[in-house]
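*Asks:* Next up is a structure, given as structure tokens.
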Amino acid sequence: MSVDPVRSALDRLPLLAQVPAAARARLAEAARPVRYRDGEVVFRCGDPGDDGMLLVLDGLVRLHLATAAGREITLGLVGAGEPVGEVALIDGGPRSADATALTPVSGLLIRTASAQAVLESDAAAAFALLRALAARLRRTTHQLEAVGLRPLPQRLADALLKLAAADPAGLVRLSQGHLASLVAATRPKVNRALAEFRGRGLILPSRAGLRIADATGLQALAESA
């Protein structure tokens, strides 16, 4: 008997682990596979939220905002197993940030109306999903605090690990300019931090980008106070 790949993907997502199986089956029926190219816009701030929630299966999505002067701030990176635009499932309101595929992304899109129909008819599913979304909100708050309060080396180490984990070859392929935007720093400061990482044996240059040479050391740096 063949296994529905969409249902199988939903069953593996931690976000939906506590959602009853019957409700997951209904969500799977409403989900459709989507793909985004590197740099492709998933949605923009102010767009209608009726497209619903994207569940990332592979790749990284960058959530960000821009000021009127054109300066951007990264709110967080969303990777495999995590949702993008989940607030729309609750209030159906417009998008509160920009979302852009930082790498090639594959995922499942569940429209707001379809998800709300499941939640309205299944209290257990609604409670489980709300609890998961609350946990996600806590992580987002932590990411915002990290951008504002953590020193650059910790922010950069964390970003490098996430980028390498999302790349099939384990490489970081972003330019220093893009890395600087990602960690809310200037390009010269990122350049100096990367030089320090190389000197400590944490990363190595390669023809296609940067390679993580000491993931354990880089993780320890990312988590340091």
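*Asks:* In the range 2-22, is there at least one residue being part of a helix (DSSP H, G or I), among the hydroxyl-bearing types (Ser, Thr, Tyr) and at pLDDT 85 or above? Lay out the reasoning, then the answer.
*Replies:* Kept after step one, since they are part of a helix (DSSP H, G or I), are these residues of the range 2-22: 5-12, 14-16, 21-22.
Among the residues that remain, those that are also among the hydroxyl-bearing types (Ser, Thr, Tyr) are: 8.
Checking which are at pLDDT 85 or above leaves us with 8.
Yes, there is a match, as at least one residue in the range 2-22 is part of a helix (DSSP H, G or I), among the hydroxyl-bearing types (Ser, Thr, Tyr) and at pLDDT 85 or above.
*Asks:* Residue under question is ARG211, and the condition is that it be closer than 23 Å to SER106 by Cβ, open to solvent by 40 Å² or more (accessible area, probe 1.4 Å), among the charged types (D, E, K, R) and at pLDDT 85 or above; does it hold? Lay out the reasoning, then the answer.
*Replies:* On the way: closer than 23 Å to SER106 by Cβ: no; open to solvent by 40 Å² or more (accessible area, probe 1.4 Å): yes; among the charged types (D, E, K, R): yes; at pLDDT 85 or above: yes.
It is false that ARG211 is closer than 23 Å to SER106 by Cβ, open to solvent by 40 Å² or more (accessible area, probe 1.4 Å), among the charged types (D, E, K, R) and at pLDDT 85 or above.
*Asks:* If the Cβ limit is 9 Å and pairs must be 6+ apart or interchain, which residue in the range 65-88 that is without any contact (Cβ under 8 Å) to a residue 12 or more places away in the chain pairs with which residue that is open to solvent by 20 Å² or more (accessible area, probe 1.4 Å)?
*Replies:* Final answer for the pair search is THR67/ILE73.
*Asks:* Quick one: in the range 1-36, of everything that is polar (S, T, N, Q) and open to solvent by 40 Å² or more (accessible area, probe 1.4 Å), which residue is farthest from the chain's Cα centre (by Cα)? Explain how you work it out, then say what you get.
*Replies:* Quick first cut of the range 1-36, residues polar (S, T, N, Q) only: 2, 8, 18.
Next, from what is left, pick out any that are open to solvent by 40 Å² or more (accessible area, probe 1.4 Å): 2, 18.
Numbers: SER2: 30, GLN18: 21 Å.
Within the range 1-36, the match that is farthest from the chain's Cα centre (by Cα) is SER2.
*Asks:* Can SER114 be described as polar (S, T, N, Q) and either at pLDDT 90 or above or open to solvent by less than 30 Å² (accessible area, probe 1.4 Å) (or both)?
*Replies:* Values: polar (S, T, N, Q): yes; either at pLDDT 90 or above or open to solvent by less than 30 Å² (accessible area, probe 1.4 Å) (or both): no.
Spelling it out, it is not the case that SER114 is polar (S, T, N, Q) and either at pLDDT 90 or above or open to solvent by less than 30 Å² (accessible area, probe 1.4 Å) (or both).
*Asks:* Considering GLY49, GLY39, which residue is surrounded by 13 or more Cβ atoms within 10 Å (Cβ to Cβ) and not in a helix (DSSP H, G or I)? If you could, list the steps in order and put the result at the bottom.
*Replies:* Numbers: GLY39 fails: surrounded by 13 or more Cβ atoms within 10 Å (Cβ to Cβ).
Exactly one residue qualifies, and that residue is GLY49.
Listed here are the residues, each with its yes/no results for (1) surrounded by 13 or more Cβ atoms within 10 Å (Cβ to Cβ); (2) part of a helix (DSSP H, G or I).
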{"site": "LEU163", "(1), (2)": "yes, yes"}
{"site": "SER181", "(1), (2)": "yes, yes"}
{"site": "PRO188", "(1), (2)": "no, yes"}
{"site": "ALA195", "(1), (2)": "no, yes"}
{"site": "LEU204", "(1), (2)": "no, no"}
{"site": "GLY217", "(1), (2)": "yes, yes"}
{"site": "LEU221", "(1), (2)": "yes, yes"}
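*Asks:* Step by step: first the residues of the range 117-155, then only those that are outside any helix (DSSP H, G or I) and over 19 Å from VAL19 (Cβ atoms), then the one that is modelled with the highest pLDDT. Which residue is that? Write out each step before concluding.
*Replies:* Initial filter on the range 117-155 (outside any helix (DSSP H, G or I)): 122, 150-151.
Of the ones still in play, those that are also over 19 Å from VAL19 (Cβ atoms) are 150-151.
Details: ARG150: 80, PRO151: 89.
The extreme case among them is PRO151.
The values are calculated or read from the model by the stated rules, or taken from the named source; none is laboratory data. This is a predicted model, so every value here is computed, not measured. Cβ sites come from the backbone with ideal geometry, for glycine too, and all protein chains shown count toward neighbours. What goes into the accessible areas is simple: the full protein's heavy atoms, side chains included, and nothing from ligands, DNA or RNA. Shrake-Rupley method; radii C 1.70, N 1.55, O 1.52, S 1.80 Å.
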